[in-house]
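Student: I am attaching a structure below and will ask some questions about it afterwards.
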Amino acid sequence: GVKEGSWTILEIVEALGSCLENTEPRTRGQGLQLLSQVLLQCHSLLQEEEVTHLVLFYENRLKDHHLVIPAVLQGLHALSMCEVLAPGLAVSVLKAIFQEVHVQSLPQLDRHTVYSIITNFMRTREEELKGLGADFTFGFIQVMDGEKDPRNLLVAFQIVHDLILKDYVLGPFVEELFEVTSCYFPIDFTPPPNDPHCIQREDLIGSLRAVLASTAQFAEYLLPLLIDKMDSEMQSAKLDSLQTLGACCTIYGQKELQEFLPSLWSSLRREVFQTASEKVEAAALAALHGLAACLSRSVLSSDTEDLLDSFLSGILQDCRHHLCEPDMKLVWPSAKLLQTAAGASFRAGHRITSSVVPLLLEQYNQHPQSSQRRTILEMLLGFLELQQKWGHEDEEESALLCSRAPLCSVLFSALTDPSVQLQLVGIRALTVLGTLPGLLAPPDVQLVVDHLTRLVLHADDSQSCTAAMEAAGSLAPIYPGAFTGRMVQRLAEELHSGCVDTAASACRGARGRASRGLRVGGCQQNLGGGEVPRRGLCRRGVFMGLSALQGTCQWGPAT
């Protein structure tokens, strides 16, 4: 009847008069239930005056018997969705709920209704609610305190998140708001089988993390909690704590972190040095990167301690000496920690690289075994790759400039080592070095081209040959003159020499064809398969080398 216009909502109230005024609470509740169901379907049809009368009526009913309260909350939920709600009524409704209703004593569905009312008013009456100041925050804390149902928690966490991000006044209740949410950390929830609501543990973790990492005001309470949970034996608690720390670093500054940096570094170092979980290790490294990046963003003044420098000094002190032991198990965890911190900013990269690279070059020369040198060179490669990220910011301030000569010497040494694996790492490192501006002098570039040409034409292993060709293809656009003047010339000479040798061997081969074998360049080739001739490898390398260079150099008439 209301939808068709034959009844007004106030006429419905009058018709329900005897039921709504009945002395039996259950009967009053049934009458209110009917009215609230009508409102849920027809709230968009109501006039402002009708809404005002209904709000006052329902507010008064919040003082009624507890059996009536669920129906009252449903009616207020419907009214909270009315667009014609008069100014001041939203505040009036919430004050009445905060004062008259003990929310956590209600069933789950009714608690959810209260959260929905608050959510609706925060969306449509934000400025009015902000007028309540910290009283609104305190009222919500009372509503949420003790909530256990995951369906309600998702809504409650979102309300807290909006409180913070939309700059509602927290006043003196920052710690209370933190406590009422952090008591769920870390989330320990296993959804029941065949759960129709499909709420997963990850949903709750993400929603709570968004709250905890939404404001720096929580830092003094949250960071000790995270440090404590990182020491837990539970892998899930460690992982959640590390990921939450990483999220916090995006909004914290050095003021929030300063007091806790030693403890945070100790926990992160332990998780990388001793972890049995790749996920935990990755989360610890990500958190370390976040910490270093956060400290790098801080603006320094003349009377401010450089926390980034002191933080990096601690990392170097704890990790640098492990790089001198390439056969020990802590060498790679230490390298990962150093490279992660160095990748956080240009300043962090310069500080760590300028300290570590000279040490690695020294260790390379002190360890003669190819396996040890390969480990050291792989670590060195990691720091070179970091320079690709930061090296173009200020070419004159590159942390590698002072080590340019010994660095080239080490890499050229690796390219002539009998170990194929060491050669491969050396080629990769040389390729990265060649892409960094100002680190290869013209004589070094010529040596690079000569080494790559030698590997293309004469490498004993196809892996080294292929890697050298790929390196040439990467570096030729950067140094076109060196590659066209040296490598292409050598490849052309090899082609010409190969043609002459092939003609001569064809004459010799005609006399020995009965044996079904062919000797070329001192190497036996079985026509039915078998070993590839040395000259065949060289000519194949010539063609593949030219293919790698094609399109990367400017081919002149002479070429």
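The values are calculated or read from the model by the stated rules, or taken from the named source; none is laboratory data. Please read these numbers as outputs of a predicted model, since none were measured by experiment. Glycine also receives a Cβ, built like all others from the backbone with ideal geometry; neighbour counts cover every protein chain displayed. Each accessible area value is taken on the protein alone, full model and side chains, heavy atoms only, with ligands, DNA and RNA left out. Shrake-Rupley method; radii C 1.70, N 1.55, O 1.52, S 1.80 Å.
Student: Please verify whether the stretch 396-407 includes one or more residues that are farther than 15 Å from Ala429 by Cα and of a type in the set (Gly, Ala, Ser).
Tutor: Scanning the stretch 396-407 turns up at least one residue that is farther than 15 Å from Ala429 by Cα and of a type in the set (Gly, Ala, Ser).
Student: Same structure again: Open to solvent by less than 20 Å² (accessible area, probe 1.4 Å) and either more than 30 Å from Thr190 (Cβ to Cβ) or over 42 Å from the mean Cα position of the chain (by Cα) (or both): is that true of Phe136 in this structure? Working first, answer last.
Tutor: Working: open to solvent by less than 20 Å² (accessible area, probe 1.4 Å): yes; either more than 30 Å from Thr190 (Cβ to Cβ) or over 42 Å from the mean Cα position of the chain (by Cα) (or both): yes.
Spelling it out, Phe136 is indeed open to solvent by less than 20 Å² (accessible area, probe 1.4 Å) and either more than 30 Å from Thr190 (Cβ to Cβ) or over 42 Å from the mean Cα position of the chain (by Cα) (or both).
Student: If the requirement is being of a type in the set (Asp, Glu) and at pLDDT below 95, which of these qualifies: Glu59, Glu83? Spell out the reasoning first.
Tutor: Working: Glu59 fails: at pLDDT below 95.
None of the other options fit; the residue is Glu83.
Student: Looking at this structure, is His322 free of Cβ contacts under 8 Å to residues at least 40 places away in the same chain, in contact with a helix residue (DSSP H, G or I) (Cβ under 7 Å, 6 or more places away or on another chain), open to solvent by less than 70 Å² (accessible area, probe 1.4 Å) and not hydrophobic (A, V, I, L, M, F, W, C)? Don't jump to the end; show me each part of the working.
Tutor: Working: free of Cβ contacts under 8 Å to residues at least 40 places away in the same chain: yes; in contact with a helix residue (DSSP H, G or I) (Cβ under 7 Å, 6 or more places away or on another chain): yes; open to solvent by less than 70 Å² (accessible area, probe 1.4 Å): yes; not hydrophobic (A, V, I, L, M, F, W, C): yes.
Against the criterion (free of Cβ contacts under 8 Å to residues at least 40 places away in the same chain, in contact with a helix residue (DSSP H, G or I) (Cβ under 7 Å, 6 or more places away or on another chain), open to solvent by less than 70 Å² (accessible area, probe 1.4 Å) and not hydrophobic (A, V, I, L, M, F, W, C)), His322 qualifies.
Student: Of all residues in the stretch 33-52, how many are part of a loop (DSSP other than H, G, I, E, B) and open to solvent by 20 Å² or more (accessible area, probe 1.4 Å)?
Tutor: Of the stretch 33-52, the ones part of a loop (DSSP other than H, G, I, E, B) are 46-47.
Among the residues that remain, those that are also open to solvent by 20 Å² or more (accessible area, probe 1.4 Å) are: 47.
The number of residues fulfilling the criteria is 1.
Residue-wise test of (1) without any contact (Cβ under 8 Å) to a residue 12 or more places away in the chain; (2) out of contact with any Lys or Arg (no Cβ under 7 Å at 6 or more places or on another chain); (3) open to solvent by 70 Å² or more (accessible area, probe 1.4 Å); (4) more than 30 Å from Leu223 (Cβ to Cβ).
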position	(1), (2), (3), (4)
Glu128	no, yes, no, yes
Leu132	no, yes, no, yes
Val143	no, yes, no, no
Leu153	no, yes, no, no
Phe157	no, yes, no, no
Tyr168	no, no, no, no
Glu175	no, yes, yes, no
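Student: A further question on this structure: Which condition from (1) surrounded by fewer than 18 Cβ atoms within 10 Å (Cβ to Cβ); (2) part of a helix (DSSP H, G or I) is the one that Gly5 breaks?
Tutor: (2)
Student: In the set Val169, Val155, Val180, Val174, which member is within 17 Å of Lys95 (Cβ to Cβ), modelled with pLDDT of 95 or more and either β-branched (Val, Ile, Thr) or in a loop (DSSP other than H, G, I, E, B) (or both)? Spell out the reasoning first.
Tutor: Values: Val155 fails: within 17 Å of Lys95 (Cβ to Cβ); Val180 fails: within 17 Å of Lys95 (Cβ to Cβ); Val174 fails: within 17 Å of Lys95 (Cβ to Cβ).
Among Val169, Val155, Val180, Val174, only Val169 is within 17 Å of Lys95 (Cβ to Cβ), modelled with pLDDT of 95 or more and either β-branched (Val, Ile, Thr) or in a loop (DSSP other than H, G, I, E, B) (or both).
Student: Kindly indicate whether any position in the stretch 89-101 is assigned to a loop (DSSP other than H, G, I, E, B) and either under 24 Å from Gly133 (Cα atoms) or in contact with a helix residue (DSSP H, G or I) (Cβ under 6 Å, 6 or more places away or on another chain) (or both). Quick ask: steps written out before the conclusion?
Tutor: Quick first cut of the stretch 89-101, residues assigned to a loop (DSSP other than H, G, I, E, B) only: 101.
With either under 24 Å from Gly133 (Cα atoms) or in contact with a helix residue (DSSP H, G or I) (Cβ under 6 Å, 6 or more places away or on another chain) (or both) added as a condition, the list becomes 101.
Within the stretch 89-101 (the criterion being assigned to a loop (DSSP other than H, G, I, E, B) and either under 24 Å from Gly133 (Cα atoms) or in contact with a helix residue (DSSP H, G or I) (Cβ under 6 Å, 6 or more places away or on another chain) (or both)), the answer is yes, since at least one residue qualifies.
Student: Can you tell me which residues in the stretch 99-126 are of a type in the set (Lys, Arg) and either open to solvent by less than 60 Å² (accessible area, probe 1.4 Å) or farther than 13 Å from Ser80 by Cα (or both)?
Tutor: Going residue by residue through the stretch 99-126, those that are of a type in the set (Lys, Arg) are 111, 123, 125.
If the condition is that a residue be of a type in the set (Lys, Arg) and either open to solvent by less than 60 Å² (accessible area, probe 1.4 Å) or farther than 13 Å from Ser80 by Cα (or both), then Arg111, Arg125 are the ones that fit.
Student: When only residues in the stretch 237-257 that are open to solvent by less than 40 Å² (accessible area, probe 1.4 Å) and polar (S, T, N, Q) count, which is farthest from Ser296 (Cα to Cα)?
Tutor: Once the filter is applied, the top-ranked residue is Ser241.
Student: Among the residues of the stretch 53-75, which ones are in a helix (DSSP H, G or I), open to solvent by 40 Å² or more (accessible area, probe 1.4 Å) and without any contact (Cβ under 8 Å) to a residue 40 or more places away in the chain?
Tutor: Answer for the stretch 53-75, where residues must be in a helix (DSSP H, G or I), open to solvent by 40 Å² or more (accessible area, probe 1.4 Å) and without any contact (Cβ under 8 Å) to a residue 40 or more places away in the chain: Leu56, Asn60.
Student: Within the stretch 336-363, can you find the residues that are buried (at least 23 other Cβ atoms within 10 Å of the Cβ), under 21 Å from the mean Cα position of the chain (by Cα) and in a helix (DSSP H, G or I)?
Tutor: Leu337, Leu338, Thr340, Ala341, Ala342, Ala348, Gly349 - these are the residues of the stretch 336-363 that are buried (at least 23 other Cβ atoms within 10 Å of the Cβ), under 21 Å from the mean Cα position of the chain (by Cα) and in a helix (DSSP H, G or I).
Student: Only one of Glu233, Glu202 is assigned to a loop (DSSP other than H, G, I, E, B), under 20 Å from Glu281 (Cα atoms) and either more than 24 Å from the chain's Cα centre (by Cα) or not small (Gly, Ala, Ser) (or both); which? If you could, list the steps in order and put the result at the bottom.
Tutor: Numbers: Glu202 fails: assigned to a loop (DSSP other than H, G, I, E, B).
Sole residue among the options that is assigned to a loop (DSSP other than H, G, I, E, B), under 20 Å from Glu281 (Cα atoms) and either more than 24 Å from the chain's Cα centre (by Cα) or not small (Gly, Ala, Ser) (or both): Glu233.
Student: Which of the residues belonging to the stretch 9-32 are of a type outside the set (Asp, Glu), open to solvent by 90 Å² or more (accessible area, probe 1.4 Å) and outside any helix (DSSP H, G or I)? Walk me through it before giving the result.
Tutor: Filtering the stretch 9-32 for residues of a type outside the set (Asp, Glu) gives 9-10, 12-13, 15-20, 22-23, 25-32.
Now drop any that are not open to solvent by 90 Å² or more (accessible area, probe 1.4 Å), which leaves 18, 23, 26, 30.
The answer is Thr23, and nothing else.
Student: So which residues in the stretch 306-326 are under 19 Å from Pro358 (Cα atoms) and outside any helix (DSSP H, G or I), if there are any at all?
Tutor: Glu325, Pro326
Student: Looking only at residues that are touching a Pro at 6+ places or on another chain (Cβ under 9 Å) and within 17 Å of Cys408 (Cα to Cα) in the stretch 365-378, which one is surrounded by the fewest Cβ atoms within 10 Å (Cβ to Cβ)?
Tutor: Asn365
Student: Is the stretch 258-275 home to any residue that is open to solvent by less than 20 Å² (accessible area, probe 1.4 Å), under 24 Å from Leu225 (Cβ atoms) and among the small types (Gly, Ala, Ser)?
Tutor: The answer is yes, given that some residue of the stretch 258-275 is open to solvent by less than 20 Å² (accessible area, probe 1.4 Å), under 24 Å from Leu225 (Cβ atoms) and among the small types (Gly, Ala, Ser).
Student: Tally the residues that are over 16 Å from Gly206 (Cα atoms) and not in a loop (DSSP other than H, G, I, E, B), restricting the search to the stretch 239-254.
Tutor: Number satisfying all stated conditions: 1.
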